[in-house]
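A.B. asks: Mind looking over this structure? Questions follow.
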2 protein chains.
Amino acid sequence: MKLSSKGRYAVMAMVDIAKYAEDKPCKLSNIALRQNISLHYLEQIFLKLKKSNLVRSHRGPGGGYKLLGSKKDIKVSDVISAVDESIKTTGCNNSATSFCTGKNVRCLTHDLWEDLEILIEGYLESVSLHDLVVGNKNSFLEERNYEQS
Amino acid sequence: MKLSSKGRYAVMAMVDIAKYAEDKPCKLSNIALRQNISLHYLEQIFLKLKKSNLVRSHRGPGGGYKLLGSKKDIKVSDVISAVDESIKTTGCNNSATSFCTGKNVRCLTHDLWEDLEILIEGYLESVSLHDLVVGNKNSFLEERNYEQS
DNA sequence: TAATACCCGAGTAATACAGTCAACTATTAA
DNA sequence: TTAATAGTTGACTGTATTACTCGGGTATTA
């Protein structure tokens, strides 16, 4: 899982909408102000969020972005997947990389990165926007009641 | 936790030593061949591993690197920490960044990244070089008997 | 003393990241 | 109908990081 600041911005912005404007359209300029993110950068991010059907756009005065679906159904992993192209920790999966090249001693750490990936993804799938708004997102670490894909 | 290919190379190289040359000094050129990593790049990596007291160097003919300590005691997290400077997922911790700037609406996702960090670190702490050599590194996902810092 | 293997600093090409800019189009309220 | 609003789009740019390469040097040992 790639964790860039673009992904963090995206999550912050989505949580911002969930918190301040759940049903009415929310202007990016407001999010930019509240979260201290460049407006133009936000536009790029929301283009991707829209393509992934996480938000719907409404043009013109009074327009803005609305969440598509409930904030309880939108997971952090959805948001990050939408804006960060690559979702792999390991280069092992695609055969073209220098890891796991099929030599006699092939990548000894393949499974390690794969399991780590599963762990991270599982965590981010376990947290919804709603969890972040209300602040009780620790269920995973305490109860760990998620399904491993 | 920063996961670069430098960190992956470091883990691969350390597992290589643990597997092929546990007690006798191991030449970098051999590791480079077996793991398909640039020799000069490996040298840089091992300089850092040495500084972190994970390996000891032996010069001259018949020299090389040896593990400092048992392969059961060296954790993946030790290796990655040694070569990857930054160990933080989130910019929230150091106050100089744009996240968590102390505005009225401070970073809503601070705890999320912090918990993720704890999770990743916990996992990498639970896997030793020995685990990777013998291939049974799944204890974490199944039993999850680690202490959360 | 010569070969070996680590030591070390400088440099560099490629890539990704973060952000900017300029212009455009659709929508709505006056 | 018109002007303001707000999203749409693509290109572009500076910076930082990454992933190396290169060219020597130094300690050790056979």
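The values are calculated or read from the model by the stated rules, or taken from the named source; none is laboratory data. As the structure is a prediction and not an experimental result, all values here were calculated from the model. No Cβ is skipped: glycine too gets one built from the backbone with ideal geometry, and neighbour counts run over all protein chains shown. Heavy atoms of the whole protein, side chains included, go into the accessibility calculation; ligands, DNA and RNA do not. Shrake-Rupley method; radii C 1.70, N 1.55, O 1.52, S 1.80 Å.
A.B. asks: As an exercise, use a Förster radius of 30 Å and the Cβ-Cβ distance of B:Tyr41 and B:Asp73 to find the FRET efficiency, rounded to the nearest 0.05.
C.D. replies: Calculated transfer efficiency: 0.70.
A.B. asks: I'd like the distance between the alpha-carbon centres of the range A:112-131 and the range A:38-53, rounded to an integer number of Å.
C.D. replies: Going from one Cα centre to the other spans 23 Å.
A.B. asks: Mind grabbing the interface size between A and B? I mean buried accessible area, both sides, 1.4 Å probe, in Å² to the nearest hundred.
C.D. replies: Chain pair A/B: roughly 4100 Å² of buried accessible area.
A.B. asks: Still on this structure: Measuring label to label, 7 Å along Cα→Cβ, what does A:Ser29 give against each other copy in nm, shortest first?
C.D. replies: 6.7
A.B. asks: Output the peptides A:71-77, A:126-132 sorted from most to least packed, where packing is the average of other Cβ atoms within 10 Å over each peptide's residues.
C.D. replies: The densest-packed peptide leads the list: A:126-132, A:71-77.
A.B. asks: Assume the label is 7 Å from Cα along Cα to beta carbon: what separations in nm does B:Gly62 have to the matching positions in the other copies?
C.D. replies: Here B:Gly62 shows inter-copy label distances of 8.7 nm.
A.B. asks: Here is a follow-up. Taking a label point 7 Å out from Cα toward Cβ, give me the nm distances from A:His40 to the same spot in the other copies, shortest first, one decimal.
C.D. replies: 3.8
A.B. asks: Mind ranking A:Arg56, B:Arg8 by accessible surface for me, highest first, 1.4 Å probe?
C.D. replies: A:Arg56, B:Arg8
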